[in-house]
């Protein structure tokens with residue numbers, strides 16, 4: 001019985017703000033990432049990590065019309081789910097530093113909402129398959145949304161906080 | 001009784017992929033946007049729209065530790081919920097053009113997952129309040145995540161698809 005199934009997941013009792021949750025929305029995958037990475041350890045991480053890996057964003061057949069005209073954009077914002085991450089920590093040690101930082105000042109996968117964000121370069125569209133460069137997701141990662149990347153903050157206006165400090169420390173050492 | 005409440009929202013019967021949804025995650029607000037905009041019509045939209053409005057990202061008290069070191073970053077990625085948008089359409093007419101485009105090639109609020117994305121400039125942090133510039137969200141919008149904005153695509157490498165074409169047509173006309 002469906003009702004039992006819902007409550008067997010302990011959702012009813014563990015979430016204080018269940019009502020709020022349900023009136024927010026229920027995330028549904030719009031598609032999946034095809035990536036060369038099967039495990040977290042394979043994804044380049046830390047300072048100076050380059051994300052040149054090619055992959056495919058495979059959109060569900062019933063949503064293909066939503067890709068109309070996407071081929072004109074050179075870069076896409078991909079919003080996805082850290083589906084192999086559990087729980088979160090407010091302070092954590094990122095791979096690029098030996099000091100802890102707040103989760104909202106890092107790209108840690110252990111976040112209150114396990115949402116990932118990647119900008120990829122669109123190489124080609126074949127129907128509902130988007131061939132892209134710059135994937136840092138694991139193979140099979142559920143995609144929540146794709147948006148066109150429209151504008152950039154000029155590099156000279158960008159401050160990169162603890163990351164710039166960690167880079168400077170590493171260069172010194 | 002909680003069980004009845006859950007099913008009274010018709011979630012149990014309307015979502016084919018209920019199981020998948022529940023094992024993805026249940027979005028929880030990490031805080032709320034304080035914005036000068038109360039209604040969608042007030043938010044600047046369309047070609048050349050400037051987003052200079054100041055606002056506050058108010059993070060829940062129990063998550064404040066997650067903001068540690070965020071003040072070093074000049075720009076933040078804010079991921080939020082279009083909580084006053086209902087349903088989605090795969091093809092729609094954006095305010096910046098008179099031709100329809102696929103939802104994933106626009107920033108339309110009527111998306112399969114109603115997730116919004118904004119880059120803001122961090123002006124100041126006061127405890128769990130982040131004073132920012134560049135809000136385009138409505139007052140009270142639930143925030144799902146905040147991440148540091150780390151790098152930019154150089155403007156000369158950016159292609160802006162139908163948006164650039166619509167701008168060119170408008171300049172001609």
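The values are calculated or read from the model by the stated rules, or taken from the named source; none is laboratory data. Because the structure is predicted, anything quoted here is derived from the model rather than measured. Here the Cβ positions follow ideal geometry from the backbone for every residue, glycine too, while neighbour counts run over all protein chains shown.
Here's the yes/no breakdown for (1) within 13 Å of the chain's Cα centre (by Cα); (2) at pLDDT below 90; (3) closer than 26 Å to residue B:104 by Cα:
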| site | (1), (2), (3) |
| --- | --- |
| A:92 | no, no, no |
| A:107 | yes, no, yes |
| A:131 | no, no, yes |
| A:144 | yes, no, yes |
| A:157 | no, yes, no |
| A:169 | no, yes, no |
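A residue that is within 24 Å of residue A:101 (Cα to Cα) and at pLDDT 95 or above occurs somewhere in the stretch B:33-51. Within the stretch B:100-113, the set of residues being without any contact (Cβ under 8 Å) to a residue 12 or more places away in the chain and either within 7 Å of chain A (Cβ to nearest Cβ) or in contact with a helix residue (DSSP H, G or I) (Cβ under 6 Å, 6 or more places away or on another chain) (or both) comprises B:104, B:113.
The residues listed here are A:81, A:43; of these, the one that is within 14 Å of the chain's Cα centre (by Cα) and away from chain B (no Cβ under 11 Å) is A:43. Scan the stretch A:46-84 for residues that are at positive phi and in contact with a helix residue (DSSP H, G or I) (Cβ under 9 Å, 6 or more places away or on another chain) and the total you get is 2.
The set of residues from the stretch A:89-99 being facing another protein chain (nearest Cβ under 9 Å) and either under 20 Å from residue A:139 (Cα atoms) or buried (at least 18 other Cβ atoms within 10 Å of the Cβ) (or both) comprises just one member, A:90. Of the residues making up the stretch B:64-75, not a single one is closer than 26 Å to residue B:171 by Cα, surrounded by 15 or more Cβ atoms within 10 Å (Cβ to Cβ) and within 10 Å of chain A (Cβ to nearest Cβ). If only residues of the stretch A:129-150 that are more than 20 Å from residue B:77 (Cβ to Cβ) and surrounded by fewer than 18 Cβ atoms within 10 Å (Cβ to Cβ) are counted, the one that is farthest from the other protein chains (Cβ to nearest Cβ) is A:139.
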